[in-house]
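The values are calculated or read from the model by the stated rules, or taken from the named source; none is laboratory data. Note that the structure is predicted; figures quoted are calculated from it, not measured. Using ideal geometry, Cβ is built from the backbone for each residue, glycine included, and neighbour counts are taken over all protein chains shown.
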């Protein structure tokens, strides 16, 4: 082979190798993760407003021009019980959850400074709703939230778009064995009967509320009862709780009025009830069927604080139910 031919052969070979390499690298190599990226969860804001000189703390998330869901907490907790539910709703709903006086991060005046009755708590929540501009809302009623929310509903039926009832009682069928010592206190507000209820304010009782009737105790965070108990143990808080144990008797007298509200105004209602709850057992859930025509009914295999195990299911049903009965109705009016 001549020198010229040899050089031509080498040039041709290099060209072929270059073309081959380019053919195998059709796109630049980029270190990129092509997995699906979900949107970040809605941001929750933590705010405080003044109501009658009291600091009322609340959690809020979601667009303020969306339908509002007002979450009313139970005993012995606070808006903290809704920490998992709020982000699951807030992409589509304006979600807001206050702490009552004496609970959570709200003011805790003594029993000498504030009359701890359910009527007064409802008063504060009513003024709170007006202060933050809630004209219409769906109510999430749980435990103590039920007597507070039903007072709002009876007073302002035009504001209530739907009810979500989770272990929130409005029928005497739901007051069973657990309530016997409390009923004794309603009849005789003696220190003896009151002291007998202090065992309900201990760490063991608080933990029991969260764990009794659950499917898997280990799925419930101990942060719940430790946070609640720290607040219950504040000086003067036991007297607040005893005052509200006594005041709960005033709610029972209003049950017929609340049932009449349900029959007359027929708010669309979603029931998501922990059926293993010893405090508010399933016997208190079934009577809602007597008075409501638009009712979705679920008994969940869990206890008193059903959101601890079933927040995904409850959020899913709320989104579907409110989508059908609130968002569609809202869109039709526009």
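A single member of 126, 173, 135, 130 is part of a helix (DSSP H, G or I), farther than 23 Å from residue 297 by Cα and in contact (Cβ under 8 Å) with a residue 12 or more places away in the chain, and it is 126. Just give me the residues in segment 283-304 being in a helix (DSSP H, G or I) and either surrounded by 21 or more Cβ atoms within 10 Å (Cβ to Cβ) or touching a residue at least 40 places away in the same chain (Cβ under 8 Å) (or both), in sequence order. Listed by number, the residues that qualify are 283, 284, 288. Criterion first (in a loop (DSSP other than H, G, I, E, B) and surrounded by fewer than 22 Cβ atoms within 10 Å (Cβ to Cβ)) does residue 278 satisfy it? Here the answer is yes, as residue 278 does meet what is asked. Whenever a residue of segment 221-244 is without any contact (Cβ under 8 Å) to a residue 24 or more places away in the chain, its partners that are crowded, with 17+ Cβ neighbours inside 10 Å and in a helix (DSSP H, G or I), lying with C-beta atoms within less than 6 angstrom and at least six residues away or across chains, give the pairs 225/206; 225/207; 225/210.
Scanning segment 147-164 for residues that are out of contact with any helix residue (DSSP H, G or I) (no Cβ under 7 Å at 6 or more places or on another chain) and part of a strand (DSSP E or B) yields one hit, 163. Identify, by number, the condition in (1) surrounded by fewer than 21 Cβ atoms within 10 Å (Cβ to Cβ); (2) in contact with a helix residue (DSSP H, G or I) (Cβ under 7 Å, 6 or more places away or on another chain) that residue 323 doesn't meet. So the condition that residue 323 fails would be (2). Given the structure, is residue 92 within 17 Å of the chain's Cα centre (by Cα), crowded, with 16+ Cβ neighbours inside 10 Å and either closer than 29 Å to residue 330 by Cβ or at pLDDT 95 or above (or both)? Yes; evaluated as a whole, the condition is true for this residue.
Within segment 245-261, being without any contact (Cβ under 8 Å) to a residue 60 or more places away in the chain and either farther than 25 Å from residue 181 by Cβ or surrounded by 13 or more Cβ atoms within 10 Å (Cβ to Cβ) (or both) holds for one residue alone: 260.
Output the residue which, of all residues in segment 86-100 that are assigned to a loop (DSSP other than H, G, I, E, B) and in contact with a helix residue (DSSP H, G or I) (Cβ under 6 Å, 6 or more places away or on another chain), is farthest from residue 152 (Cα to Cα). Per the stated criteria, the residue is 99. Taken together, the residues in segment 187-203 that are assigned to a helix (DSSP H, G or I), in contact with a helix residue (DSSP H, G or I) (Cβ under 7 Å, 6 or more places away or on another chain) and surrounded by fewer than 17 Cβ atoms within 10 Å (Cβ to Cβ) amount to 3.
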